[in-house]
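Structure first, commentary second.
Each value in this text was obtained by applying a stated rule to the coordinates, not by laboratory testing. Note that this is a predicted model, so its numbers are computed, not measured. Glycine also receives a Cβ, built like all others from the backbone with ideal geometry; neighbour counts cover every protein chain displayed.
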Amino acid sequence: MNTLTVGDKAPNFEAKDNQGIVRKLSDYSGKKLVIFFYPKASTPGCTAEACNLRDHYQTFKAQGYEIIGVSADSEKRQQNFVLKHELPFPLLADEDHNVINGFGVWGPKKFMGREYDGIHRTTFVIDANGVIENVISKVKTKDHAAQIL
């Protein structure tokens with residue numbers, strides 16, 4: 001697993017979002033960006049995390065932040081997730097893991113004694129110059145906005 005840390009340049013990425021729009025890091029140049037990686041759309045922890053960010057979205061906007069979510073789900077699953085929970089930010093459908101691997105959040109995980117490879121729930125806060133200013137790997141799904149802000 002390639003670990004990015006504070007002070008690193010954010011990796012360039014390009015992936016389609018839930019509406020099929022191609023999003024890239026350069027789209028956000030000059031803006032602050034919160035990019036959160038989550039294991040799977042519509043699961044309880046991921047729903048709590050996304051809804052917590054949704055509920056504080058205006059605060060993020062007021063402080064100049066854009067938000068993007070990323071998982072390996074299909075565009076259709078991401079779109080269903082957005083519609084069901086009225087999420088105001090795009091979700092990238094990173095089915096080929098380009099963005100996930102670029103940020104180094106894919107790797108071995110343990111759940112109920114079983115080991116498998118998956119997405120580590122991790123959030124990166126990127127400044128207006130594309131530099132990582134915070135990495136949150138111990139995400140509190142129900143209070144994630146407070147961790148970031």
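Here are a few things to note about the model shown:
- Rounded to the nearest Hz, the phi-derived 3J(HN,Hα) couplings of the stretch 59-67 under the Karplus curve 6.51 cos²θ - 1.76 cosθ + 1.60 (θ = phi - 60°) are 5, 4, 4, 4, 8, x, 9, 9, 10, where x marks glycine and proline.
- For LYS32, nonlocal amide neighbours, meaning residues 5 or more places apart or on other chains whose placed amide H falls under 5 Å from its own, are GLU66.
- On the principal axes of its alpha-carbon atoms, the stretch 21-149 has extents of 42, 29, 28 Å, going from largest to smallest.
- Label-point separation in nm, LEU83 to SER42, each point 7 Å along Cα→Cβ: 1.1 nm
- Point-to-point label distance, GLN147-VAL135, nm (Cα→Cβ direction, 7 Å offset): 1.4 nm
- Over the stretch 1-120, relative contact order from alpha-carbon pairs under 8 Å, at least 6 apart, %: 33 percent
- Modelled this way, with points 7 Å down the Cα-to-C-beta line, the labels at SER29 and MET112 are 4.7 nm from one another.
- Phi to ³J(HN,Hα) by Karplus 6.51 cos²θ - 1.76 cosθ + 1.60 over the stretch 6-17, Hz, x for Gly, Pro: 4, x, 6, 6, 5, x, 5, 9, 8, 7, 7, 9
- For the stretch 36-41, putting each phi into the Karplus relation 6.51 cos²θ - 1.76 cosθ + 1.60 with θ = phi - 60° gives couplings of 10, 9, 9, x, 7, 4 Hz, in residue order, rounded to whole numbers and with x for Gly and Pro.
- Cβ charges +1 (Lys, Arg) and -1 (Asp, Glu), total dipole of the chain, debye: 340 debye
- Bridge type composition, the chain - antiparallel percent by DSSP, nearest 5: 70 percent
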